[in-house]
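A short write-up of the structure that comes next.
Taken together, the values in this text are just the output of simple stated rules run on the coordinates, not laboratory data. Just so it is clear, the model here is predicted, and its values are computed rather than measured. No Cβ is skipped: glycine too gets one built from the backbone with ideal geometry, and neighbour counts run over all protein chains shown.
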Amino acid sequence: MSTSTAPASLNEVKHVVLVLSGKGGVGKSSVTTQLALSLVRQGFSVGVLDVDLTGPSLPRMFGLEARKIHQSSKGWVPVYTDSTKKLCVMSIGFLLKDRGDSVVWRGPKKSAMIRQFVNDVVWGPLDYLLIDTPPGTSDEHIAIAEQLRDAQPDGAVLVTTPQGVATADVRKELNFCKKVGFEVLGVVENMSGFICPHCAECSNIFSKGGGEQLAAQFSIPFLGSVPIDPQFVLMIEEQNKFVTKAVNSADENELNKTIDDSIANYGLVEKYSDSNLCPIFEKIAQQVIDSTKDKHRI
Ligand SMILES: Nc1ncnc2c1ncn2[C@@H]1O[C@H](COP(=O)(O)OP(=O)(O)OP(=O)(O)O)[C@@H](O)[C@H]1O
Ligand code: SF4
């Protein structure tokens with residue numbers, strides 16, 4: 001039986017969703033960012049907690065790199081992207097001196113910092129808190145995940161690439177979730193096939209479908225596959241500018257426009273849909289909403 005209790009900082013947070021990956025570089029932070037934007041676009045208030053100590057990339061992805069964390073009498077105040085207060089971010093990256101810095105602490109110090117990030121942030125009322133976790137399934141990660149369990153998450157979204165998925169990685173992640181008591185909300189297969197920038201043809205240069213097959217094998221929901229798209233990297237860079245613009249704006253509609261611009265900039269929208277939202281992340285967000293709607297943290 002679990003003895004954990006949710007920290008008071010999460011008293012007004014309706015849903016907590018963790019984003020996990022077995023190893024680094026598979027696109028976990030990118031998926032977290034796009035999932036957050038899609039949830040905001042659907043009308044939810046969203047907080048994003050970046051506890052990926054190995055490479056905290058969310059400040060850059062949200063265009064908030066120059067921002068600093070402020071301390072209030074109740075704790076750390078997250079960085080809001082704009083005055084509508086629909087989207088806020090807290091990241092260990094805000095504490096590093098510059099973008100090239102990385103955290104080289106040993107396990108206990110890392111765990112203490114994560115405990116502080118889970119307990120001492122003043123989130124206020126939120127529909128969703130997404131937690132971008134460090135990649136891996138080592139003992140240290142298990143220790144960190146046990147701390148995150150105190151946040152009493154609704155569950156975890158697993159991000160993986162298709163190669164090698166068929167074998168070790170997703171299985172390890174599934175065991176990891178079982179060990180630390182996280183419900184698996186579903187699997188996202190990122191970098192699945194390659195979209196040619198010239199003809200929009202999708203080639204399976206590495207492989208495709210491994211995540212989907214594994215999800216079927218273990219009876220876990222498959223949330224969607226995101227192809228390798230050179231425009232994805234461009235989109236993140238452009239998104240930076242849009243969000244930075246919104247930060248400096250007092251216009252109530254600016255954030256929604258920002259998100260529309262950011263997502264519409266992603267090549268896939270043009271290629272596959274007339275809608276303003278990227279259909280892949282819209283679908284992923286919808287499934288997360290559906291799988292958490294009957295869970296009530298508060
Ligand atoms: N579908 C995609 N198509 C093209 N590039 C992608 C895609 N997904 C992610 N990338 C790029 O791959 C790189 C790694 O992505 P990201 O930082 O999201 O991974 P991560 O799993 O969070 O890594 P880490 O945990 O090591 O920080 C980034 O440069 C990102 O822009
Ligand atoms: S997918 Fe088509 S356009 Fe793209 S590189 Fe290959 S042959 Fe050329």
query: Counting only residues 5 or more places away or on other chains, whose amide H sits under 5 Å from the amide H of residue 65 once H atoms are built in the peptide plane?
result: none
query: Net charge near residue 224, counting Lys/Arg +1 and Asp/Glu -1 over other residues with Cβ under 11 Å of its Cβ?
result: -2
- prompt: Can you pull the percent of Cα pairs in the range 1-151 with separation above 23 Å?
  reply: 30
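A 27 angstrom limit on the alpha carbon distance is what I want to check against. Which of 23/293; 85/172; 14/178 exceed it? Before the final figure, lay out the partial values.
Numbers: 23/293 29 Å; 85/172 37 Å; 14/178 23 Å.
Over 27 Å Cα-Cα: 23/293; 85/172.
Could you work out the mean projected area of the convex hull around the alpha carbons of the range 102-191, in square nanometres to one decimal? Present the calculation step by step, with values, prior to reporting the outcome.
Details: hull surface 27.6 nm².
Hull-based average projected area comes out at 6.9 nm².
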- request: Count charges around residue 44 for me, please; just the other residues with Cβ under 10 Å from its Cβ, Lys/Arg as +1, Asp/Glu as -1.
  value: +2
task: State log₁₀ I(q)/I(0) for the range 1-68 at q = 0.25 Å⁻¹ as given by the Debye formula over alpha-carbon point scatterers of equal weight, solvent excluded.
output: -1.26
